[in-house]
Structure formats: C-alpha cells, structure tokens
Amino acid sequence: MELSAIGIDVSKDTLDVSIFTGGKPLGKQFANTEAGHAALINWLKHRKLGQVHACMEATGRYSLGVALALHAAGHVVSIVNPAQIHDFARTKLGRNKSDTVDAGQIREYGAMFRPAPWQPPTPALRLLCDLQTMRAGFVASKVEWENRAGSVGGDAAANALLSAAYRALPAKGVLLVAEPMMGTEATAPVGGAYFGFYLLAMGQGRARAPQELRHMLSTAGFAATQVVRTRQPLQTGLIVARKDA
C-alpha cells in the first residue's frame, strides 16, 4: 500500500504543508523551527494519516531540520531538485519557468513520481557541511574586506587631486576642503566610530584628522592652511588652504 504523499514548501521562516484527505487537499502552515516541526508531526498524527511520504524541494539548511524531524518520526522523506518540480508544474499547468511552485504541486509530484527516499547525513558529514558553509562565509567576507581595504586609504588619489587643484589655482587662490574630520575636540569621543560606520556604509574612503589633511595640503604645495570651526562638526569640517605663488 502506497503511503500518503504530502508536499512541503520550505522557506527560511515557514513550512507550507499540503495533504490530501477526505477526498480533497488540505493545507496548513507551520514555523520552520523545532517547535514548528513538532507541531507538524503532531498534526499529521491528528489527521490519522499514519506513515507518510513527505516530498520537499532541496533548500539546503532550510529543509534539513524538518527533513530530519520527519525521518526521526518514522516518515519517508524525499528531497527533490527544485528544477524537476518546476518542470512538472509547468508541464501540468502550463506555467512559466519563473512561476512559483506551491505545496500542493509538490505533493502531486511526490504522489505521481514517488521519488527515492532521502537518507540523513551522518553527524560527521553534517559537521563537515557546516564547516564548509562557515568557511565559504569567511572567504567571502575576507574578499569583501580586502576589496574595501584596497579603496579605504585612497591616499594616492587624494594627493593627486590636491596637487591638481594646486596647479589649477591662480596665485593667491583659495581651496576649501570640506569633509567629515575626526580627532578634533568637537567630534571626540564619538567621531571615530561615527565616521567609521558612515564610510563602511559608503563602501570606501576613510576619515582623516585635520592635522593629516593639512600635511597633505602642504605636500601638494599649499603654504598656508587654517582649520575653521563649523556649526555641525560631525557632519563636516572645514580647512582653508591658500596658494601663495
């Protein structure tokens, strides 16, 4: 006797479940948590379906928890390539490739094709998969921060810009440098943290202290520089630089 097929549409937070009972489909939603998995198993008992054949799409970590819970409760579980179920739904209902698949269609696929039972990975293999996932996250973060590090300083570009401004100015010309500046009395002690988060969101650049900016201006050729206090120093500071000749 074939087991009753149920379909589970898995997402990060929820499980949409479809069963066929009393001659008609019935759906219910559960949280994709340990408590939700237990509630699903209890609901199946309440519906008096006995052992079921649960079919769901492969969604990595999101589907693993419910699959393990159902398997431990004595049910048959099949985890299927999403492309196969999408092709089935498109063929059956004339859907487009991008249309979503619901739990009822997953249940129908399981009832028709009876995909092979899934076997849980061993604890060692699950640990290895978790470590691989963690490593992939670390590698991605490392690359992201290396890319940011390459653009954080920007000293060469900033120095080139100041030098070009110096050359473009006539004698006695004035350059105004207006940008957030850290390390001043007005911005301490939160200035460094504030500017750090701001530039992190921007993805590049770094805040500089007025002393560093004045040194950069001097290197570019400006002989006289003056720091001017602004009304909102956390938003912007101001340095006036003059070209003597």
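Trypsin sites (Lys or Arg not before Pro), restricted to region 1-63: which are DSSP loop and have at most 11 other Cβ atoms within 10 Å? For trypsin sites (Lys or Arg not before Pro) across region 1-63 that sit outside H, G, I, E and B with at most 11 neighbouring Cβ atoms in 10 Å, the list reads LYS12, LYS48.
Rounded, prolate or oblate, given the Cα gyration tensor of region 1-143, with a/c below 1.5 counting as rounded? Oblate, since a/c reaches 1.5 and b/c is not below a/b.
With the highest mean first, a sort of the peptides 31-37, 65-71 on other beta-carbon atoms found within 10 angstrom per residue produces 65-71, 31-37.
How long is the gain from LEU161 to ARG61 if the chain were fully straight, where each residue apart is worth 0.36 nm and the alpha carbon distance is subtracted?
Details: separation 100, 0.36 × 100 = 36.00 nm, distance 4.91 nm.
Additional length available on full extension: 31.1 nm.
For the residues TRP43, TRP118, what sequence is obtained by ranking on other C-beta atoms within 10 Å, fewest first? Numbers along the way, then the final one.
Numbers: TRP43 14, TRP118 20.
Lowest count first: TRP43, TRP118.
What dipole magnitude, in Debye to the nearest 20, does region 4-120 give about its Cα centre under +1 on Lys/Arg Cβ and -1 on Asp/Glu Cβ? Provide the component values of the computation, followed by the final result.
Values: 13 positive and 9 negative charges, 61 e Å.
Taking the Cα centre of region 4-120 as origin, the dipole is about 300 debye.
Each residue in ASP244, ASP87 was given a count of other beta-carbon atoms within 10 angstrom of its own, and listing them fewest first yields ASP244, ASP87.
Quick note: the coordinates plus some simple rules give every number you see, no bench work behind them. All values derive from a computational prediction rather than experimental measurement. Cβ: placed from backbone, ideal geometry, glycine included. Neighbour counts: every protein chain shown.
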